[in-house]
Amino acid sequence: MTGVPPVLPDFYRLIRCETIGSTNDEAKRLAQAGAPEGTLVWALEQTAGRGRRGRPWQSPPGNLYLSLLLRPAASAAQAAQLGFVAALALGDALAPSVAGHALRFKWPNDVLLDGSKIAGILLESETTASGEIGFVVIGLGANIAFAPSGTEFPATSLAAARISAVTPSGLLEAFTRQFERWHRRWLAEGFAPVRSAWLARAGGLGEAVQVRLERATLSGRFLDLDEEGALLLEGQDGCRRVAAGEIFPAA
């Protein structure tokens, strides 16, 4: 990897790769081998990147691909809140460069620019024999130079928005600074401040949406997030709590 190496806060242990199959797979392998919290795998290119539900994610050079290992003393529901922490960190890292554009968060783990997906976040975890969280890997892909085509939800890139001042290395530095700030706040204050900041930029809040589950699709109004990060969907039969799914605009 050429160029000046990024400068990250002391919390992180950076592992840099030119090309890798999947940064998440490598981070999980390192976690299982005892790697410390803060281990961060960064690659210029992925050959087997994936998104939610194992979908392939095109990962050519020019974008940011990273996976961060954490070992929170948390329940599974609390650990899932780290996806919101990562979204806030990326949003704050991008904000100075995207002034004049609409930056929004799409429940549960995506970041949108002008209504199209600019970044996705994938959390993967492993539990111990006693049911506690052994580790969480936060995978993040941000579209700087390239956006995949043919995706179910429209995708875009910073280049497509004519934003040229952002580099993978520079965005990595900015993200890690912002993530450390939000992570510390989550540890100290819980989910409440994260929830409030996320809702301030929530896409679709108060609007009619579809929520796609593994075997069903729900329709209603995106009412709120609850205190754990689940979506509250107001439908004809009242309010329903949805812990996992994908949100889309109403058809």
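The values are calculated or read from the model by the stated rules, or taken from the named source; none is laboratory data. These numbers come from a predicted model, not from an experiment. Cβ: placed from backbone, ideal geometry, glycine included. Neighbour counts: every protein chain shown. Side chains are part of the model used for accessible areas, which takes the heavy atoms of the whole protein and leaves out ligands, DNA and RNA. Shrake-Rupley method; radii C 1.70, N 1.55, O 1.52, S 1.80 Å.
Side notes on the structure shown:
- Test set (1) modelled with pLDDT of 90 or more; (2) surrounded by 16 or more Cβ atoms within 10 Å (Cβ to Cβ) - GLY49 fails condition number: (1)
- Tallying residues that are free of Cβ contacts under 8 Å to residues at least 24 places away in the same chain, among the acidic types (Asp, Glu) and exposed (fewer than 14 other Cβ atoms within 10 Å of the Cβ) within the stretch 223-237 yields 1.
- Condition check for LEU14: under 19 Å from the mean Cα position of the chain (by Cα), modelled with pLDDT of 95 or more and closer than 14 Å to PHE175 by Cβ: yes
- Odd one out for PRO193 among (1) within 22 Å of GLY141 (Cβ to Cβ); (2) touching a helix residue (DSSP H, G or I) at 6+ places or on another chain (Cβ under 9 Å); (3) at pLDDT 95 or above: (1)
- Of all residues making up the stretch 85-106, the number that are touching a residue at least 24 places away in the same chain (Cβ under 8 Å), of a type in the set (A, V, I, L, M) and in a helix (DSSP H, G or I): 8
- Any hit, the stretch 10-32, residues being in contact (Cβ under 8 Å) with a residue 24 or more places away in the chain, touching a helix residue (DSSP H, G or I) at 6+ places or on another chain (Cβ under 9 Å), part of a strand (DSSP E or B) and open to solvent by less than 10 Å² (accessible area, probe 1.4 Å): no
- The combined condition, being surrounded by 15 or more Cβ atoms within 10 Å (Cβ to Cβ), under 21 Å from ILE118 (Cβ atoms) and in contact with a strand residue (DSSP E or B) (Cβ under 6 Å, 6 or more places away or on another chain), is fulfilled by GLY245.
- Residues within the stretch 58-93 that are farther than 15 Å from LEU187 by Cβ, among the small types (Gly, Ala, Ser) and surrounded by fewer than 18 Cβ atoms within 10 Å (Cβ to Cβ), tallied: 3
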